[in-house]
Amino acid sequence: MDPMDLIPAPRSSRWVPPAAYDVLDTDTRLEAQPGTEGVARWFRATIGAATGLPFPDGDDDDNRVVLSVDPALAPEAYRVVVDGYARRIQGGSAAGVFWGAQTFRQLLGPDAFRRAPVTTRREWDLPMVVVEDEPRFAWRGLLLDVARHFLPKDDVLRYVDLLAAHKLNVLHLHLTDDQGWRVEITRHPRLTEVGAWRGRTKRGHRASELWYDTPHGGFYTHDDIREIVAYAAERHIRVVPEIDLPGHVQAAIAAYPELGNTDVVDTAALPVWDTWGINPNVLAPTDATLRFFEGVLEEVLDLFPSPYIHLGGDECPKDQWKASPTAQARIKELGLADEYELQSWFMRHFDRWLAERGRRLIGWDEILEGGSRAKGRAPVESDEEEGARHERPRDEERRQGVRAPGGETTSLGLAPGAAVASWRGYAGGIAAAEAGHDVVMCPEQHVYLDHRQHGGPDEPVPIGFVRTLEDVYRFEPVPPGLSPEAAARVIGTQANAWTEVMENRARVDYQVFPRLAAFAEVAWSTRLPAPAERDFADFERRMTAHYRRLAALGVDYRPPGGPLPWQRRPGVLGRPIEGPPPNV
Ligand code: ACM
């Protein structure tokens, strides 16, 4: 195995001639220069545990590894030099040093990914190499849907480590949905007392007749969240919370029925949802609802230092608002054209609310709907009423970027700092980038990891398109044809793991790996050519080493030959979509 089989591929790596190995041993010291103390902690706790080497502090010996910040490098850039004289990990900031330490760990071989040594030998070969590297994108994310199936805190911490090992730096936690509310909110305790639990769970696609009859649930306390955020921060990973609204809220309505459209449904009778799909029960557009969620967000802001707060905004059916006299009165009172603008009003309220508190809204591309007719109009929800809405002068004003009360907005009617996570394809992201918004590209056709990764009959609960390891490897976050200014607005990319049919950590591992390794190379590597020219054979060759790293980490990845017997789910209905995904 070649120690240079690094994943993600660095910008440059070379052996120092004559290709030879240095040796780390029990006398090897670790010198942490100013600003690298946290990396040294991680190094001893992780590489120290795997190797059995103590790495005592010290700068008084030739036998040492030196961690240092070199301000001449970009913040996340790093250089690893092992040349027979020195062993240096230098980064433009502590983050760069940390990514360099991740490369250093890969250089030590797969056993460096274990938690304890597997031999009594306390000498570790270290290839004499120079690696120079930096990321392509600032936002390199994974979404974990902990709402559909709860992922216990320990599993989330483990995913933080798995992200770090792949030089990914954003963990997007989808904390709330119809099927569960997963974060303690002190002022609204029923959100977790009631909203975090469901009596049973649909097993497989919603058309399946099977159920898990064991009650399911769980939530993170404030201290759990603080621990996750601090653990991630020590690993230079930002945790972005998502509180989804005004749709995907049945769990909240089950806890507090007054949040729903009480004039059209008996919201007091709604349980936490036990099946899957797009749910009609959405928030009532009342002042009380706004105040309720402001209260939620005050606690969320307190727990999550992330500059970005994700407020969902996706898949909000308009039927209840159409039927609700209260919602219709609200539309009239606000001078809105329709229910799409009502949704837009919801999102813009919180967009402003966040901006006033120094934070930035990020939302799914539906946040471009309603009041942004010129661009970013929903491709899936365009309907026959569109023409009528165009007649309204308000639309014309919005198109031209008229200032909304309470703050500056772009031509899309959002605060300039608002960002869009483009999931229904590239179109929303393109529209947002062209209007000057930051964009995270995560098109479902390419990087939704719930989609099956092989067309064969053994894939567990197969849903969606076939998206193989190679498909993910050939995903390009910046679509062709963007102007350079708009392309620069694509701040990154994210893979999304929705967990309707992933009932536990092993199932999440199976869907996420190995594809996250290919995704990490897409998100990180500055060396990848256009998709068709990417050397997948070389990536697959490097994956031989990477499978051994994943195995050492205890990841239940999908083996290249297909699922192992216990990874299959015979008889559980999925919903495969035949043919290639539409060209978006
Ligand atoms: C989404 O997949 N509904 C963001």
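The values are calculated or read from the model by the stated rules, or taken from the named source; none is laboratory data. Everything numeric in this text was worked out from a predicted model, so none of it was measured. In this analysis, Cβ positions are derived from the backbone assuming ideal geometry, glycine residues included, and neighbour counts consider all displayed protein chains. Accessible surface areas use protein heavy atoms only, side chains included; no ligands, DNA or RNA. Shrake-Rupley method; radii C 1.70, N 1.55, O 1.52, S 1.80 Å.
Odds and ends about this structure:
- In the context of the full set of protein chains, region 1-84 has a per residue accessible area of 44 Å² (1.4 Å probe).
- Region 1-104: chymotrypsin sites (Phe, Trp or Tyr not before Pro) in DSSP coil with no more than 15 other Cβ atoms inside 10 Å: 85
- Relative to the longest principal axis of the Cα atoms of the chain, helix 339-356 runs at roughly 50 degrees.
- Rounded to the nearest 0.05, the FRET efficiency derived from the C-beta distance between residue 410 and residue 25 at R0 = 56 Å is 0.45.
- Angle in degrees between helix 287-303 and the longest Cα principal axis of the chain, rounded to the nearest 10: 10 degrees
- Å² of accessible area per residue within region 458-584, as computed with a 1.4 Å probe and no ligands counted: 40 Å²
- The calculated pair-distance distribution of region 402-549 uses every alpha carbon pair, bins of 5 angstrom beginning at 0, and gives 2, 9, 17, 18, 17, 13, 10, 6, 4, 2, 1, 0 percent.
- Net charge dipole, the chain: roughly 600 debye, given to the nearest 20, about the Cα centre with Cβ charges of +1 for Lys and Arg and -1 for Asp and Glu.
- Convex hull projection area averaged over all views, region 424-481, Cα basis, nm²: 4.3 nm²
- For region 141-152, 3J(HN,Hα) computed residue by residue from phi via the Karplus equation (6.51, -1.76, 1.60; θ = phi - 60°) reads x, 10, 8, 10, 8, 8, 8, 5, 10, 5, 10, x Hz, glycine and proline entered as x.
- For region 539-553, putting each phi into the Karplus relation 6.51 cos²θ - 1.76 cosθ + 1.60 with θ = phi - 60° gives couplings of 4, 4, 4, 5, 5, 4, 5, 6, 4, 5, 5, 4, 4, 5, 7 Hz, in residue order, rounded to whole numbers and with x for Gly and Pro.
- In this structure the amide hydrogen of residue 58, modeled in the peptide plane, comes within under 5 Å of the amide hydrogens of 30, 31, 32, none closer than 5 places in sequence on its chain.
- The mean accessible area for residues of region 118-273, using a 1.4 Å probe and ignoring ligands and nucleic acids, is 34 Å² per residue.
- Region 160-255: GluC sites (Glu not before Pro) in DSSP coil with no more than 11 other Cβ atoms inside 10 Å: 209
- Here is the result for region 278-333: no trypsin sites (Lys or Arg not before Pro) lie in DSSP coil with at most 10 other C-beta atoms within 10 angstrom of their C-beta.
- From phi via Karplus (6.51, -1.76, 1.60), per-residue ³J(HN,Hα) for region 462-472 in Hz, x at Gly/Pro: x, 10, x, 7, 6, 10, 7, 4, 5, 4, 5
- Positive minus negative residues near residue 128 (Lys, Arg vs Asp, Glu; Cβ under 11 Å): -1
- When region 488-559 is reduced to its Cα atoms, the Kirkwood hydrodynamic radius in Å: 13.7 Å
- The value given for region 87-180 is a Kirkwood hydrodynamic radius of 15.8 Å, derived from the mean inverse Cα-Cα separation.
- Mean projected area (nm²) of the alpha-carbon convex hull when the chain is viewed from all directions: 26.8 nm²
- Percent carbon-and-sulfur accessible area, the chain, ignoring ligands, DNA and RNA, probe 1.4 Å: 51 percent
- Theoretical gain in end-to-end length, residue 577 to residue 111 [0.36 nm per residue, Cα-Cα removed]: 163.8 nm
- In this structure, the amide hydrogen of residue 453, modeled 1.01 Å from its nitrogen in the peptide plane, lies closer than 5 angstrom to those of 467, counting only residues at least 5 positions away or on a different chain.
- Cα Rg, Dmax, region 10-53, angstrom units: 13.5, 34
- Estimated translational D of region 123-259 in µm²/s (Stokes, Kirkwood radius over Cα pairs; 37 °C; 0.692 mPa s): 195 µm²/s
- Applying 0.36 nm per residue to the separation of residue 488 and residue 157 and subtracting their alpha-carbon distance, the gain on full extension is 116.0 nm.
- Nearest 10 degrees, 0 to 90: helix 515-524 Cα axis against the chain principal axis: 80 degrees
- Computed [θ] at 222 nm, deg cm²/dmol, the chain (DSSP H ≥ 4; -39,500 (n - 2.57); rounded to nearest 500): -8500 deg cm²/dmol
- Tensor-based shape of region 1-145 (alpha-carbon gyration tensor, a/c under 1.5 rounded, otherwise prolate or oblate): rounded
- Burial order of peptide ranges 470-478, 30-38 (average beta-carbon count within 10 Å, highest first): 470-478, 30-38
- A convex hull fitted around the alpha carbon atoms of region 11-96 yields 106 Å³ per residue.
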